[in-house]
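FYI, it's all coordinate maths here, none of it is from the lab. Being a predicted model, the structure only gives us computed values, none of them experimental. Virtual Cβ from ideal backbone geometry, glycine too; neighbours counted across all protein chains shown.
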Amino acid sequence: MVDSPSLIGILIVAAALGSVAGFLYGRARTHEKVAHIIEQATPQQAPGSDTDFSRLVRALPLGVIFVDTKARVRFANPAAGTIFGFDPERAIGAHVIASIPNVELERRIGDALRGEASVAPMTIATAERRSTYGLSVYPLSDDDRAHGVVVFADDQTEIARLERARKEFLSNVSHELRTPLSSIKLMLETVVESPDDEAADIFLPQVLVQVDRLAALVGQLLEQARAESGQLKLNLRDIDLEDVARQIVATFEPQASNKGVRLELQAMRPVRVEADPDRFAQVCVNLIDNALRHTHSGGSVTVELDANGNDAIMRVRDTGVGIPYRDLPHIFERFYVVDRSRTRESGGAGLGLAIVKGIVEAHGGTVSTESMLGSGTVFTIRLPIMRTVPRKV
């Protein structure tokens with residue numbers, strides 16, 4: 001029997017904070033230890049009583065629910081109410097299913113009343129959101145006989161989202177790297193096994209193309225990693241957006257001409273900004289390249305420069321295939337592509353727009369897009385303005 005409510009409270013608070021902080025591998029063990037401490041507490045220390053121990057349990061960021069042998073709620077702290085969306089005070093005395101209408105939770109409480117503890121995530125979907133909780137359910141026993149159940153819960157929705165993102169990232173990276181590596185391996189094997197030099201003349205240039213593709217992909221991955229970690233280094237200078245944009249547009253003119261697409265720069269109101277010229281050039285390259293890849297012959301790509309209030313504005317407008325409405329919220333996510341088959345044809349890996357977003361935000365700016373399927377797309381970059389400059393004659 002534990003005689004010190006203060007010690008109990010301190011242990012619970014420390015354990016709960018560790019759990020909420022996201023120590024995934026220690027969470028189940030933490031919950032189990034807390035359940036053991038509560039099980040040993042005296043009746044005067046119970047969470048429903050007016051003691052330091054009770055107040056500590058109520059203040060925990062970890063959801064705590066006590067249920068009796070008839071599955072009726074005897075106590076629930078505010079964190080549990082927030083997590084599961086119910087009023088802890090009104091739930092007292094009600095069956096747990098009335099407060100938390102979840103069959104899986106009711107089943108696990110029933111198992112605990114029969115002496116079977118469980119530690120597993122639980123997903124609850126509502127009209128507003130889909131949430132994932134770390135749920136631990138332990139029997140409170142006396143002489144090997146359960147006299148109640150304690151439920152611990154903490155919101156792991158963001159942790160689950162990050163874990164899904166991690167798995168998707170690894171899967172996408174593996175796919176993007178495997179394709180050119182497989183091609184390189186096959187072509188080099190052909191060259192090695194060929195008795196003459198004809199195979200080398202045919203395949204070695206293609207190997208170089210695939211190596212360049214790999215190098216570009218690795219570079220994009222590094223850029224994305226730096227942007228997401230806040231380690232993107234900027235060499236800020238006073239630059240004229242028109243000077244930078246005009247140079248990039250000029251480099252794409254042969255590609256646009258060969259494809260039969262009209263490419264032009266319109267500087268309605270040239271402005272100066274404090275920016276890294278190389279990074280801003282990278283933004284221009286990615287947006288123009290993206291527009292050209294998705295615009296058919298006879299279409300147009302226009303780079304517009306303007307100013308509005310305290311913002312310098314660059315728009316890249318195309319008359320291409322457009323983006324479906326359902327895809328618009330996701331296009332700046334890394335490796336997200338609207339049409340995988342179309343991407344294989346154009347060579348995109350789904351990193352260009354994510355890099356654009358990272359660079360623009362590192363400059364204190366924003367990027368947005370408007371599009372309609374079949375009617376073209378407009379990407380809009382807004383950067384903090386330094387000053388407008390006279391139009392060049």
Practice task
Work out, step by step, the length gained on full extension between TYR325 and SER194: first 0.36 nm times the residue separation, then minus their alpha carbon distance; give nm to one decimal.
Solution key: 42.1 nm
Fill in the blank from the handout: Once ASP201 and ARG237 are pulled to full extension, the length gained, defined as 0.36 nm per residue separation minus their Cα-Cα distance, is 8.4 nm
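Which order do the peptides 306-316, 320-330, 61-71 take when ranked by the mean count of other beta-carbon atoms within 10 Å per residue, highest first?
Numbers: 306-316: 17.8, 320-330: 15.1, 61-71: 20.5.
The packing order, highest mean first, is 61-71, 306-316, 320-330.
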Completion exercise
Here the Kirkwood hydrodynamic radius of segment 233-393, Cα-based and in Å, equals 15.9
Fill in the blank from the handout: Between the residues ALA79, ILE97, VAL67, the Cα farthest towards the positive end of the dipole of segment 55-114, that dipole coming from +1 and -1 charges on the beta-carbon of Lys, Arg, Asp and Glu, is from VAL67
Handout entry: Label-to-label distance, nm, for residues given as ASP111 and MET372 (7 Å Cα→Cβ offset)
Key = 5.3
Handout entry: For segment 248-264, 3J(HN,Hα) per residue [Karplus equation, 6.51 cos²θ - 1.76 cosθ + 1.60, θ = phi - 60°, Hz, x = Gly/Pro]
Key = 5, 4, 4, 5, 8, 4, x, 4, 5, 5, 5, 8, x, 10, 7, 10, 9
Problem - Difference of contour (0.36 nm per residue) and Cα-Cα distance, ARG130 to ALA98 - result: 9.5 nm
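Given LYS167/LYS233; LYS233/LYS259; LYS167/LYS357, which pairs have Cα atoms separated by over 30 Å?
LYS233/LYS259
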Problem - Rounded to whole Hz, the Karplus (6.51, -1.76, 1.60) HN-Hα couplings of segment 354-366, x for glycine and proline - result: 5, 5, 4, 4, x, 5, 4, 5, 5, 8, x, x, 9
